[in-house]
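Visitor: Provided herewith is a single structure, encoded as structure tokens, for subsequent inquiry.
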Amino acid sequence: MQRGIGLTSDINKIIKYMKSVVICGSNRFAPEIREFAKKLRALGVVVFEPHLYRSSGGVWEELKEFDKKFVALGLTHDHFYKMRMADVVYVYNKDGYSGVSVSMEIGYAAALNKPIYVYSDQDPEICRRVLFSAIIKEPEDLINSIIN
């Protein structure tokens, strides 16, 4: 009987640590976002990344105006889906920068009652700052925050 109790305890520990994170951030921080996500994955976290259209080779300026709204709609809904799937939201807001899309994602995360962790405490907008759960710069610190 002890064996079963130990196994249940081990499974509960594994489940406790199996968390998922969705990362939000601007195209301008694509390399940093990709690196942060890579480190989280190496630590065993399920990571949902933004598509980051421009840094993935998409050329926004070459799209016809008519098509831009459909691309934007698809990217927005794709990321909203990822946000619903994740346990927590991490905003890579280097130097406090959050553009229009990230601001919208922060509001959506708040509406979903997701904890919102951010990279920088330099955000100039108080309406965003009041929604942040914590300022976290390292993947290891994010893991410690979400499992405790």
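Every number in this text was worked out from the coordinates using simple rules, so none of it is lab data. This structure is a prediction, so every number in the text was calculated from the model and none was measured. Using ideal geometry, Cβ is built from the backbone for each residue, glycine included, and neighbour counts are taken over all protein chains shown.
Visitor: Grab the other residues whose beta carbon is less than 12 angstrom from that of residue 107, score K and R as +1, D and E as -1, and report the net.
Guide: So the surrounding residues net to 0.
Visitor: Net charge around residue 129, counting only other residues with Cβ within less than 11 Å of its Cβ (Lys, Arg = +1; Asp, Glu = -1)?
Guide: For residues surrounding residue 129, the net value is -2.
Visitor: Hey, what do the phi angles of the range 132-147 turn into as Karplus ³J(HN,Hα) couplings, whole Hz, using 6.51/-1.76/1.60 and θ = phi - 60°, x for Gly and Pro?
Guide: 7, 7, 6, 9, 9, 9, 10, x, 4, 5, 5, 4, 4, 5, 7, 9
Visitor: Could you order peptides 106-116, 19-29, 71-81 by the average number of other Cβ atoms within 10 Å of their residues, highest first?
Guide: 19-29, 106-116, 71-81
Visitor: On to the next question. How much length is gained if the chain between residue 85 and residue 137 is pulled fully straight, taking 0.36 nm per residue apart and subtracting their Cα-Cα distance, in nm to one decimal?
Guide: Taking residue 85 through residue 137 to full extension adds about 16.5 nm, to one decimal.
Visitor: Could you work out how much longer the chain between residue 69 and residue 113 gets when fully extended? Use 0.36 nm per residue separation minus the Cα distance between them, nm to one decimal.
Guide: 13.1 nm
Visitor: Sticking with this one: Suppose R0 equals 35 Å. What FRET efficiency, 1/(1 + (r/R0)^6) with r the Cβ-Cβ distance, do residue 61 and residue 148 give to the nearest 0.05?
Guide: Here the calculated transfer efficiency is 0.20.
Visitor: Starting from 0.36 nm per residue, how many nanometres of slack lie between residue 78 and residue 95 once their C-alpha separation is accounted for?
Guide: Length gained, residue 78 through residue 95: 3.5 nm.
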